[in-house]
Amino acid sequence: MKGNLLFLLWTVSITSASAQTVFELSKDEQREHDLRPRFFLSTSMGPVSPSDVNRFIDQYIDDRLGSGHISFGSSDISAVGMVGMGLAIPLNKVIQTRILLEYAGASKTVRLDGDTERFAVNRYAPGVLLGYYFFNSGFSSVYIEGGVYYGFTSFRNVNANGPGFKFNLGYAWHRPQTTWDILIGVDLPSTTAEESSYNIYKIDLTAPVFGFRINF
């Protein structure tokens, strides 16, 4: 009986040691695997308040309705959605740069006298981000990142082109083939219109954002 017990303990010890070795090797292999460039897709959204644009929409509706009124909802644009893609390039095990191309859209659709009118702000922006990762285990990390982009923003015939900035705080799950991110941040675009048509002097898509990203 004593011999069987010793054999069982020896077997458990060997198995545990082997499992620990495999786990440690897996973490090392994971870190090495994460040093290759990866493509990524991202999506995020947040609240916005482009006051000049909303004022134009309100005036447009007033001109169309005359003495009428809005019976349901609001004419204001109040949210922006963003989708992006690009290439993530690790510089070392904790620093990573991202080259990205992102589209941001904020719109409002209203129905006036039986007709549907859509008002949309669109932005296309190439940019670059630099991130620093704090690994708390072999398979997850917290990171901060920031960067700059150049936004081509338009509403009807009004353009507001110029540099903008992004700052994010995120949590990443690292897997052999993919890394999944969840993030919060702030988007600070250029807002000044190149021409003040329609009394629109700014197209402001400044927003706190919440988003997801997959790297593969």
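Each row is one residue, and each column tells you yes or no for (1) more than 21 Å from the chain's Cα centre (by Cα); (2) hydroxyl-bearing (Ser, Thr, Tyr).
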residue	(1), (2)
119	yes, no
126	no, no
133	no, yes
137	yes, yes
146	no, no
150	no, yes
153	no, yes
161	no, no
Discussion item. Being within 17 Å of residue 48 (Cα to Cα), in contact (Cβ under 8 Å) with a residue 24 or more places away in the chain and in the same structural domain as residue 58 (by TED's automatic domain parsing): is that true of residue 167 here?
Written reply: no
Filter the range 94-117 for residues that are surrounded by 13 or more Cβ atoms within 10 Å (Cβ to Cβ) and farther than 23 Å from residue 149 by Cα; the one that is farthest from the chain's Cα centre (by Cα) is 112
Given the structure, is residue 127 surrounded by 19 or more Cβ atoms within 10 Å (Cβ to Cβ) and touching a Lys or Arg at 6+ places or on another chain (Cβ under 9 Å)?
yes
When every residue in the range 62-78 that is under 12 Å from residue 108 (Cα atoms) and surrounded by 14 or more Cβ atoms within 10 Å (Cβ to Cβ) is compared, the one modelled with the highest pLDDT is 77
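From 92, 136, 161, grab the single residue that is of a type outside the set (A, V, I, L, M), under 30 Å from residue 193 (Cβ atoms) and without any contact (Cβ under 8 Å) to a residue 60 or more places away in the chain. Spell out how you get there, then give the answer.
Working: 92 fails: under 30 Å from residue 193 (Cβ atoms); 136 fails: under 30 Å from residue 193 (Cβ atoms).
Selected residue: 161, the only one of 92, 136, 161 that is of a type outside the set (A, V, I, L, M), under 30 Å from residue 193 (Cβ atoms) and without any contact (Cβ under 8 Å) to a residue 60 or more places away in the chain.
Restricting the range 179-216 to residues that are polar (S, T, N, Q) and within 18 Å of residue 100 (Cα to Cα), which is modelled with the highest pLDDT?
Pass one, the range 179-216, residues polar (S, T, N, Q): 179, 190-192, 196-197, 199, 206, 215.
Subsequent filtering for residues that are within 18 Å of residue 100 (Cα to Cα) retains 179, 190, 215.
On the way: 179: 94, 190: 89, 215: 97.
Per the stated criteria, the residue is 215.
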Is it true that residue 175 is basic (Lys, Arg) and over 25 Å from residue 39 (Cα atoms)? no
Of the residues in the range 17-61 that are β-branched (Val, Ile, Thr) and at pLDDT 95 or above, the one that is nearest to residue 157 (Cα to Cα) is 53
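Conditions (1) polar (S, T, N, Q); (2) over 15 Å from residue 172 (Cα atoms); (3) outside the structural domain of residue 185 (by TED's automatic domain parsing), marked per residue:
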site	(1), (2), (3)
115	no, yes, no
120	no, yes, no
124	no, yes, no
132	no, no, no
135	no, no, no
140	yes, no, no
144	no, no, no
147	no, yes, no
150	no, yes, no
By residue number, the members of the range 184-209 that are surrounded by fewer than 19 Cβ atoms within 10 Å (Cβ to Cβ) and in a strand (DSSP E or B) are 184, 186, 188, 192, 202, 208
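The values are calculated or read from the model by the stated rules, or taken from the named source; none is laboratory data. Note that this is a predicted model, so its numbers are computed, not measured. Using ideal geometry, Cβ is built from the backbone for each residue, glycine included, and neighbour counts are taken over all protein chains shown.
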